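Below is one structure; the comments refer to it alone.
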Amino acid sequence: MDETLREPAETAVRQCMDLGADESYAVITDDERWPIGMALYEVAGEVTDDAVIVRYPPGDQHGAEPPDPVAAAMAGADVVLAPTTKSLSHTAARTDANEAGARVATLPGITEEVFVTGLDADYERIAAECEAMLDRVADAAEIRVTSPQGTDVTFRPGDREWRSDTGMVHRPGEMSNLPAGEVFVSPETADGTYVVDGTMMPRGLLDEGDTLRFEVADGYVTEIGDDAVREQVEAAADEVGDAAYNLAELGIGTNVAVTELVGSVLLDEKAGGTVHAAIGDDHGIGGDVRAPLHLDGILREPTVYADGERVELPSGVGA
């Protein structure tokens with residue numbers, strides 16, 4: 001094992017997942033994330049004798065289903081860690097594993113740099129930040145987000161519940177991203193404009209002054225101000241129709257250890273002081289839309305209002 005990966009692997013396996021000696025454990029990884037997968041496997045092997053690692057070729061798109069044997073390994077384990085190139089967060093395989101009682105943490109698009117940086121954090125504090133943010137937004141009928149770049153969009157959660165991604169995955173059926181730190185909801189509807197000035201795939205980290213503009217009406221993205229993003233959504237629409245344009249998520253970052261964006265959606269969407277919105281699949285986060293993509297776009301300088309009252313955001317980016 002690369003010793004630089006040992007400490008973050010220890011944090012993931014022991015603190016975040018609280019793996020027990022009597023539990024079964026599966027690492028789901030692919031050809032491009034093998035060193036991280038092996039680090040997580042080797043550390044887990046020091047805790048339990050019932051550990052496996054499953055490796056497969058990277059998927060074509062975030063949210064695409066893994067091969068059937070991978071899904072079976074996920075559903076059959078007590079604890080699952082999934083460092084993969086393409087996200088398994090918004091897949092039926094992940095949902096089925098949780099419903100079978102597995103504790104799951106996905107690490108989509110993880111790099112060794114992000115693995116080391118993002119897991120060097122106090123997850124107890126992050127959990128407290130998540131709880132405080134939920135207290136501010138969970139009962140609001142409307143969440144309005146504005147930004148100096150031109151964002152002015154209103155999300156209406158309706159009957160859907162806000163969720164918390166604390167990184168502490170200790171109870172059966174729980175799920176988190178790692179690195180962690182956000183509260184999020186799949187809104188029933190949304191209207192307005194949001195302008196991404198942070199990170200968004202496939203563009204990555206945007207240059208200073210560069211922005212991507214999105215128009216939203218009745219819960220669907222109606223205009224996409226970037227060719228590369230538009231092409232991905234159009235390709236998904238060829239498969240699932242208008243579901244690909246679903247405004248899937250509003251998320252608020254609560255990881256105060258992340259003080260700058262690095263170009264990884266996995267890490268950057270957790271940064272304290274940021275907001276992100278996503279297009280596509282939401283069935284795994286409280287919605288009812290299935291689509292073969294989930295594209296998050298991050299806003300660096302948002303102002304958030306819950307039923308008209310300004311919400312204090314955690315410190316982080318720009319602090």
Original post:
Taking the condition at pLDDT 95 or above, of a type in the set (A, V, I, L, M, F, W, C) and closer than 19 Å to GLU65 by Cβ, does ILE298 pass?
Top reply: no
Original post:
Would you call LEU267 under 19 Å from PHE184 (Cβ atoms), within 15 Å of the chain's Cα centre (by Cα) and assigned to a helix (DSSP H, G or I)?
Top reply: yes
Subject >> Qualifying position, being part of a strand (DSSP E or B), closer than 12 Å to VAL317 by Cβ and in contact with a strand residue (DSSP E or B) (Cβ under 7 Å, 6 or more places away or on another chain), among ILE298, ILE279 >> reply: ILE298
**OP:** Output the residue which, of all residues in segment 29-53 that are in a strand (DSSP E or B) and in contact with a Pro (Cβ under 7 Å, 6 or more places away or on another chain), is surrounded by the fewest Cβ atoms within 10 Å (Cβ to Cβ).
**Re:** ASP30
Original post:
When only residues in segment 93-103 that are in contact with a helix residue (DSSP H, G or I) (Cβ under 8 Å, 6 or more places away or on another chain), in contact (Cβ under 8 Å) with a residue 40 or more places away in the chain and part of a helix (DSSP H, G or I) count, which is nearest to TYR25 (Cα to Cα)?
Top reply: ARG94
**OP:** Please enumerate the residues belonging to segment 104-157 that are among the polar types (S, T, N, Q), in a loop (DSSP other than H, G, I, E, B) and assigned by TED's automatic domain parsing to the domain that holds THR91.
**Re:** THR111
**OP:** Quick one: which residue in THR274, THR254 is crowded, with 24+ Cβ neighbours inside 10 Å and over 19 Å from THR106 (Cβ atoms)?
**Re:** THR274
Subject >> Those residues of segment 158-178 which are without any contact (Cβ under 8 Å) to a residue 60 or more places away in the chain and outside any strand (DSSP E or B), in sequence order >> reply: GLY158, ASP159, TRP162, THR166
**OP:** Check ARG290, ARG230 and return the single one that is more than 26 Å from GLY118 (Cβ to Cβ), part of a helix (DSSP H, G or I) and out of contact with any Leu (no Cβ under 9 Å at 6 or more places or on another chain).
**Re:** ARG230
Subject >> Matching residues in segment 109-128 - criterion: being over 22 Å from GLY173 (Cβ atoms) and crowded, with 24+ Cβ neighbours inside 10 Å >> reply: ILE110, PHE115, GLY118, LEU119
Original post:
Would you pick out the residues in segment 87-108 that are surrounded by fewer than 21 Cβ atoms within 10 Å (Cβ to Cβ) and under 19 Å from LEU293 (Cα atoms)?
Top reply: ALA92, THR95, ASP96
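The values are calculated or read from the model by the stated rules, or taken from the named source; none is laboratory data. What you see is a predicted model; the values in this text were computed from it and never measured. Methodologically, a virtual Cβ is constructed for each residue, glycine included, from the backbone with ideal geometry; neighbour enumeration extends over all protein chains shown.
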